[in-house]
Amino acid sequence: MMNKIQSFVRRSRCLTLEQKTGLYDLWPVYGIDIGAKKLDLNTLFAKQQPIVLEIGFGNGDSLLQMAIDTPEKNFLGIEVYEAGIGRLISAAYKHQLNNLKIINADAVEVIKNNFKNDSFSVFQLFFPDPWQKNKHHKRRIVQPPFLDLLSAKIINGGSIHLATDWWHYAQQMMEILQKHPHFKNLLGDHIYSSRPKNRPITKFERRGKKLGHGVWDLIFICEK
């Protein structure tokens, strides 16, 4: 059983007109309202295609680009940062995307309570909060109970893709994934992946590289 751990911080600020338009006026086009029932994710999109789930997408730049570049896949993003949600939805509308949907909620609760097993093909988590202080490491979202949950919701043969610029967190992710019975690193034990071409480099990542930060990608296959 997963204990309730708050792995994110809700950020609020004044919204721009573009963000308000996306968050409120365009929400019926791209937003998914969560109730108590299990969601059939295939019914959310115009076409039935492999579904990529990304949580904590921030301002949405990389998720938007991936949806634009990969029309043969459907993308579902979950985020609590309303400015980022509004910005992403407004941009998606400008590009007339029909393969992107958004949920504004606690991702762990949604995955646990609203997703059926074998719901999506790919799970993405890019640059999650590292909770740098030792006493806060328990707040890191990548923990064994969370991977147990994901392994049930990802289809057999699907994948999980994590990326971080915090070396200690990268090591912890690798250790936890290597030990999990339902995830396999096709590159071999404790080998990090090169950034795949389908993961765009964000402004955040470019800024980190200028400061000398490394970036580590972890890609594992789900086998069950």
Top-ranked residue of segment 191-223 - restricted to ones that are outside any helix (DSSP H, G or I) and aromatic (F, W, Y), ranked as farthest from the chain's Cα centre (by Cα): Y192
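Here's the yes/no breakdown for (1) among the polar types (S, T, N, Q); (2) touching a strand residue (DSSP E or B) at 6+ places or on another chain (Cβ under 8 Å); (3) at pLDDT 95 or above; (4) closer than 25 Å to K73 by Cα:
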site: P144; (1), (2), (3), (4): no, no, yes, no
site: A152; (1), (2), (3), (4): no, no, yes, yes
site: E175; (1), (2), (3), (4): no, no, yes, no
site: D189; (1), (2), (3), (4): no, no, no, no
site: H213; (1), (2), (3), (4): no, no, no, no
Residue within segment 164-172 that is closer than 18 Å to F127 by Cα and small (G, A, S) present: yes
Residue in segment 177-185 that is among the hydrophobic types (A, V, I, L, M, F, W, C), in a helix (DSSP H, G or I), free of Cβ contacts under 8 Å to residues at least 40 places away in the same chain and on the phi < 0 side of the Ramachandran plot present: no
Pick from segment 5-57, criterion under 13 Å from V110 (Cβ atoms) and among the acidic types (D, E), ranking: modelled with the highest pLDDT: E54
Members of segment 37-57 that are surrounded by fewer than 17 Cβ atoms within 10 Å (Cβ to Cβ) and either more than 28 Å from A83 (Cβ to Cβ) or touching a Leu at 6+ places or on another chain (Cβ under 8 Å) (or both): K37, K38, D40, N42, T43, L44, K47, Q48, Q49, P50
Some residue of segment 76-90 being on the phi > 0 side of the Ramachandran plot, crowded, with 18+ Cβ neighbours inside 10 Å and small (G, A, S): no
First in segment 147-168 and closer than 19 Å to E109 by Cβ and touching a residue at least 24 places away in the same chain (Cβ under 8 Å), second anywhere and polar (S, T, N, Q) and not in a helix (DSSP H, G or I), Cβ under 7 Å, 6 or more apart: A152/N117; K153/N117; K153/S119
Residues satisfying the stated conditions in segment 144-176, i.e. more than 21 Å from I51 (Cβ to Cβ) and either out of contact with any helix residue (DSSP H, G or I) (no Cβ under 7 Å at 6 or more places or on another chain) or acidic (D, E) (or both): P145, D165, W166, W167, H168, Y169, A170, Q171, Q172, M173, M174, E175
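With the requirement that a residue be in contact (Cβ under 8 Å) with a residue 12 or more places away in the chain, more than 17 Å from P130 (Cα to Cα) and either buried (at least 19 other Cβ atoms within 10 Å of the Cβ) or not hydrophobic (A, V, I, L, M, F, W, C) (or both), what does segment 202-223 give you?
Listed by number, the residues that qualify are T202, K203, I219, F220, C222, E223.
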Residue within segment 148-155 that is touching a Lys or Arg at 6+ places or on another chain (Cβ under 7 Å), assigned to a loop (DSSP other than H, G, I, E, B) and surrounded by 15 or more Cβ atoms within 10 Å (Cβ to Cβ) present: no
Residue that is nearest to N113 (Cα to Cα) [pool: residues in segment 13-36 that are surrounded by 15 or more Cβ atoms within 10 Å (Cβ to Cβ) and among the small types (G, A, S)]: G31
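The values are calculated or read from the model by the stated rules, or taken from the named source; none is laboratory data. Given the structure is predicted, the values throughout are model-derived calculations rather than measurements. Virtual Cβ from ideal backbone geometry, glycine too; neighbours counted across all protein chains shown.
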